[in-house]
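First comes the structure, then the notes that go with it.
The values are calculated or read from the model by the stated rules, or taken from the named source; none is laboratory data. Keep in mind the model is a prediction, meaning the values are calculated, not measured. These accessible areas exclude ligands, DNA and RNA; they are computed on the full protein's heavy atoms, side chains included. Shrake-Rupley method; radii C 1.70, N 1.55, O 1.52, S 1.80 Å.
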Amino acid sequence: MNAVVAAVAVMLLLSLCRVHVVVALIIGALVGGLLGGLGVEGALAAFNKGLGGGLYTGELVVTEALQHKNKTGFTLAIFLQTLLLNKVECKDGKKPLWLWISLEDDVLQLIIKTFVYLYFRKYKKVPLMLEIDNQFIKDFVKTEIEATGNRVIFRRIDNDKFTIDTFKRLVQGYELLGNRVVCVGVDYLEKAYT
C-alpha cells in the first residue's frame, strides 16, 4: 500500500473514532513516514516541513479544545514540546523566556501537570505522586527546563483582570528584567476581556 494512502486512511479512521484532529494528523504522518522508510525522526521532520518549517517569532497559533477534554493538558503539552524541541538564542543578549498564563488553574496545578509530562518523557513511566513533595516537583521542572537553555514562568491571572493592556505590561515588565519573551500560552475557559 502506498505510504500516503495509508497515512490518509489512518487519519480518516482516527477522525471517525473521534480522536482529536491534531493527534490524528501526527499519527497519520508517523504511519506514512514509517511505511515510506523515513523512520520516526524523518517522518516528524517531513511533517514539520509540511507545516512550513515550524514556528517563528511573531507568529500566532490558536488551539482550542472543550473544557472536559483535558484542554489545559493538551495545550500545555504542545507548549512544553515546543519548548523542549527548540533552542532559542537571543541575538540581543537577553535570556529566552517562555510564559504560560492561566485564567483558570493555579500555578502549582500547572507545575504538577508539567512535572508529570516531563517525568514521563524522561523516565517512560508515570510518577507516583503520593511519594513526591511539592519542592521536589518544582526543582525537577526547573532543572529539566533550564537544561534546554530556556526559562518558563507560570502565571495565574483572574479572568476579569486580564486585558490586552495588562498582557502587554506583563510582557514588557519581563523584558525590562533582561528577558526576551519568545512564546506565550494563554489558557482560559471564558471569553477574555479586551
Which entries in the list Lys87/Lys138; Lys71/Lys94; Lys87/Lys124 go over 26 Å, if you measure between the two C-alpha atoms of each? Lys71/Lys94
Rounded to the nearest 10 Å², what accessible area does Arg155 have for a 1.4 Å probe in the complete protein model? 80 Å²
